[in-house]
Amino acid sequence: MWDPNYVLSVVKERDHRIGSCADTGHWVRSGLKPAECLRILKRRIISSHLKDLNEFGKPDAHDLPYGAGVSDVPAILNELKRQGFQGNISIEYEHNWEHSVPEVAQCIGFVRGYEAAKK
């Protein structure tokens, strides 16, 4: 279940170490805006699978390098930073599997550039 309201309802009365893996790809495919979902799950995000997809609300949407799709990766990173998120952010990139290394490298470069621009 990807609905952040449902996830929150399951974890909110539990120990603070029990939370959610914020999977932005599932949210975007489900027609949910990741930054809004992150706000709902504030203080309950343990880790994140970060994706940028080519289409919003489409189950068959595929990965694009960060910043090239509809996921609004800057808003996601801004919200995680605003919350003081200290967990892991995993690059989850399944499109073009056999030749995806350059695209994954672009994702790394995007995050590094985001950090550099914030300083």
Query raised in the report: Within the group Leu77, Leu38, which residue is more than 20 Å from Val11 (Cβ to Cβ), at pLDDT 95 or above and not in a loop (DSSP other than H, G, I, E, B)?
Result: Leu77
Requested in this report: Mind counting the residues in the range 41-57 that are of a type in the set (Ser, Thr, Tyr) and not in a strand (DSSP E or B)?
Outcome: 0
Report summary line: Gly84 fails exactly one of (1) touching a residue at least 24 places away in the same chain (Cβ under 8 Å); (2) surrounded by fewer than 14 Cβ atoms within 10 Å (Cβ to Cβ); (3) small (Gly, Ala, Ser), namely (1)
Query - Among the candidates Glu98, Glu103, Glu79, residue that is more than 14 Å from the chain's Cα centre (by Cα) and touching a residue at least 24 places away in the same chain (Cβ under 8 Å) - result: Glu103
Query raised in the report: Tally time: how many residues in the range 57-69 are of a type outside the set (Gly, Ala, Ser) and surrounded by fewer than 17 Cβ atoms within 10 Å (Cβ to Cβ)?
Result: 4
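The values are calculated or read from the model by the stated rules, or taken from the named source; none is laboratory data. None of these values were measured; they are calculated from a predicted model. Because the Cβ atoms are built from the backbone with ideal geometry, glycine has one as well, and the counts that use them run over all protein chains shown.
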